[in-house]
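Working notes, beginning with the structure itself.
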Amino acid sequence: MDASLLVIIVVVTALVFDFTNGFHDTANSMATSIATGALRPRTAVAFSAVLNLVGALLSVEVAKTISGGIVDDARITPAIVFGGLIGAIMWNLVTWYVGLPSSSSHALFGGLIGATWIASGADAVHFAKVVDKVVAPAIAAPLVAGIVAMLATYLTYRLTKRARKSVTDKGFKAGQIASAALMSLAHGTNDAQKTMGIITLTLITAGTLAPGSAPPLWVILSAAIAIALGTYLGGWRITHTLGKGLTTIEAPQGFAAQTSAATVIMASSHLGFALSTTHVASGGIMGSGLGRRLDGVRWGVAGRMAAAWGLTLPAAGLVGALAGKVASLGTLGVVAVAAVGVGVSLVIWLLSRREPVRPEHVVDEIAAQAETHKVAA
Amino acid sequence: MKIDWAALAAVFGVSLAVVVGLVVLFSGGLRALSAREAARERQASTALPTAAAGLCLFACVTVVLFGIYLIVAG
C-alpha cells in the first residue's frame, strides 16, 4: 500500500480515537458541577469543550513522551502503529459496551506496546522508559491525588465549619465551577497529547519527520479540535450518568477532589508523565470520601475498579499485538485489520442501540467512581 | 529499570502545596465573606472583611494563573 495513504489512514484513526476520548471523558470533569446545579448541562459541556481545546494547546511534553521514547521509532512502521491503534479502539469499545471502566490512555499504550513487541521484537519496546513514564505514574498519580484530596477535603470542611451556610453554598458552587474548569484544562494537557504523540510517531516512522521531533502545529491543532468536538458531543451521556446517583458527592468534596486531581494531572503533564486522567479523578474522589468520613469508601467496588485498571494494559496489548502483526503483513493485512475494526465498531454500536437504556451500557467512568462512594448518612 | 523518584516526589510535593494553599485561601475567603455578612447585619463597617475576602480570592486566582504560566513557559 502507498505509504502516504497509510499515514493518512493512521492520522484519521488517531483523530477518531481522540474524539472518542473527549466523548467518553466529558463526565469526568463536568458531571459533579451539573449534579449540584452549579452549571446547566449545555453550558457545562460547551465550557468543557473550549477548555479542553485550550489545554491541548498548552503543553506538548506528554506527546513527546509517546513519540520519542516508549518504542524504538527506527524499528516500527505506520502499519504497526495502525495495528496498535485499532487494538486500543477495540478494547475501548468492548469495555464500554460491557460497562467496565477502563482507561483509554492505557488502552492506547497497551495497543502500541503489544503491536511493536510482536511485529518487531521485545527489544523494540523501551521497557525502562515505559516503567518510568507510564507504569510508575499510573500507580503513583491516583495515590497522590487521593492523599492530597483527603487532606484538602478535611481542611475544607474544617475551615468552613463556622462560615455561614448562605455564603458557603454559593461559594462552593463557584469553587466547583472553577475546579471543573481546571479539570477540563488538565484533561486537554494530558489526553489530547496522546493523540498528538501517536500522529507524530507515525510521521516519524514514515520518514516525514526527523526522530525526536515535537508535534507540528497542524497535528496539535487537529488533535485539540478533535478532543474538543468529542467533549461537546459527549454531553448527552451526562444525563445518563446523573441517573446513577452522583449527588452523593457534596459541593465542597467535589471542589476538593477536582482541584486535587487537576493539579496532579497538570504537574504530571508538565514532566511528560502520560497518565490516565480517569484514574487520577477516581483517586481524587475516593480521597475526598476518606477526608470527609474515614469509612467513606466502598473498598469492594474500589478493588474491582483497580483490577479492571490493571487488566487494560495487557489486554489491549494482546489485541494490539494481533492487529499489529496482521497489519504489518502488507496491504491486505492493513485492509483486513481496518475491516475487522469497522465491523466490530458497527456491531457494538448496533448492539448498544438495540437496548439503549440498559444501565450497564451507560455505566460511565464517573458513575463507577461515584459507586465507590458511600451515600452520606 | 530506573524510576525517576525525584520527579514523582516533585509531583506529590507541588500538588500537595498548591492544593492545600488553594483550599486554605478559598476557605479563608468564604470565612471573610461570612464575616462581611455578619458585619452588615450588625451595621458595622464591612471594609476589613471585604478587603480580606478580596485578597484571599485574588490570591487563589493568582496561584492558578501562575501554575498555568509555568506549564506554558516550560
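See the values below:
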{"item": "Residues (in contact with an Asp or Glu (Cβ under 9 Å, 6 or more places away or on another chain) and either aliphatic (A, V, I, L, M) or within 30 Å of B:A73 (Cβ to Cβ) (or both)) located in segment A:28-47", "result": "A:N28, A:A31"}
{"item": "Top-ranked residue in segment B:9-30 [being surrounded by 17 or more Cβ atoms within 10 Å (Cβ to Cβ) and β-branched (V, I, T); ranked as farthest from A:L151 (Cα to Cα)]", "result": "B:V11"}
{"item": "Positions within segment A:70-104 being in a helix (DSSP H, G or I), over 15 Å from A:S345 (Cα atoms) and modelled with pLDDT under 85, in sequence order", "result": "A:S104"}
{"item": "In segment A:163-177, residue surrounded by the fewest Cβ atoms within 10 Å (Cβ to Cβ) [restricted to those that are more than 7 Å from chain B (Cβ to nearest Cβ) and in contact (Cβ under 8 Å) with a residue 60 or more places away in the chain]", "result": "A:D169"}
{"item": "Boolean, A:V167 is in a helix (DSSP H, G or I) and in contact with a Phe, Trp or Tyr (Cβ under 9 Å, 6 or more places away or on another chain)", "result": "no"}
{"item": "Residue count, segment A:202-218 (criterion: surrounded by fewer than 19 Cβ atoms within 10 Å (Cβ to Cβ) and assigned to a loop (DSSP other than H, G, I, E, B))", "result": "9"}
{"item": "Residue check, B:F26 touching a residue at least 24 places away in the same chain (Cβ under 8 Å), among the hydrophobic types (A, V, I, L, M, F, W, C) and facing another protein chain (nearest Cβ under 10 Å)", "result": "yes"}
{"item": "Residues within segment A:117-161 that are facing another protein chain (nearest Cβ under 7 Å) and more than 21 Å from A:H270 (Cβ to Cβ), tallied", "result": "6"}
{"item": "Residue that is modelled with the highest pLDDT [pool: residues in segment A:137-162 that are surrounded by fewer than 21 Cβ atoms within 10 Å (Cβ to Cβ) and not in a helix (DSSP H, G or I)]", "result": "A:K161"}
{"item": "Residue check, A:L221 modelled with pLDDT of 85 or more, surrounded by fewer than 24 Cβ atoms within 10 Å (Cβ to Cβ), away from every other protein chain (no Cβ under 14 Å) and more than 16 Å from the chain's Cα centre (by Cα)", "result": "yes"}
{"item": "Failed condition for A:D191, given (1) within 14 Å of another protein chain (Cβ to nearest Cβ); (2) acidic (D, E); (3) buried (at least 20 other Cβ atoms within 10 Å of the Cβ)", "result": "(1)"}
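The values are calculated or read from the model by the stated rules, or taken from the named source; none is laboratory data. Since we're looking at a predicted model, the values are computed, not measured. FYI the Cβ positions are ideal-geometry reconstructions off the backbone, even for glycines, and counts take in every protein chain you see.
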